[in-house]
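Each value in this text was obtained by applying a stated rule to the coordinates, not by laboratory testing. On a predicted model such as this, the values are computed, not experimentally measured, just so you know. Here the Cβ is made from the backbone with ideal geometry for all residues, glycine too, and neighbour counts use every protein chain on show.
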């Protein structure tokens, strides 16, 4: 078993770091008790945002997804943290990539709500309210246990998926629930 290291990135005054840890605690309750060995709150860092974005009539500072993952990885290497590290922020996180729509290449951008790989994770609580943070974190932690699907090549959930019926009340879409059941079934 391994603990989840939680790192708050640019926390705002209305979102105290202990609230992040509580959210992760609730999220881990969706898993069998032997899946994780607990949560270790590592503290907070203030990182420079990469871009400014216009949302409605408001301008927000935001992180570019790949750069934020690099920043968290740098922290992970400097601190010799070898287990899963989850960086949580209330800032928007943007993933951009090029795709071919059949006629031309165009740049596509998404709000990243949840990304968790086996070594490092990012969760953005930007525009995520109520029970959704817990669900998103739980879904991401499921992916860190090897569940892989959704948008390729990035394993991300973005804001539109939160309003879709694919995210169940328990915090997982149907595919995740099926794979978790298969992974933890007793032979």
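Between residue 55 and residue 118, the modelled label-to-label distance comes to 3.3 nm, taking each label 7 Å out from Cα in the direction of the beta carbon. Peptides 124-134, 95-105, 43-53 ranked from most to least packed give 124-134, 43-53, 95-105, packing being the mean of other C-beta atoms within 10 angstrom over each peptide's residues.
Extension gain for residue 106-residue 175 works out to 21.9 nm (0.36 nm per residue, less the C-alpha to C-alpha distance). Dividing the Cα radius of gyration of the range 1-114 by its Kirkwood radius returns 1.04 for Rg/Rh.
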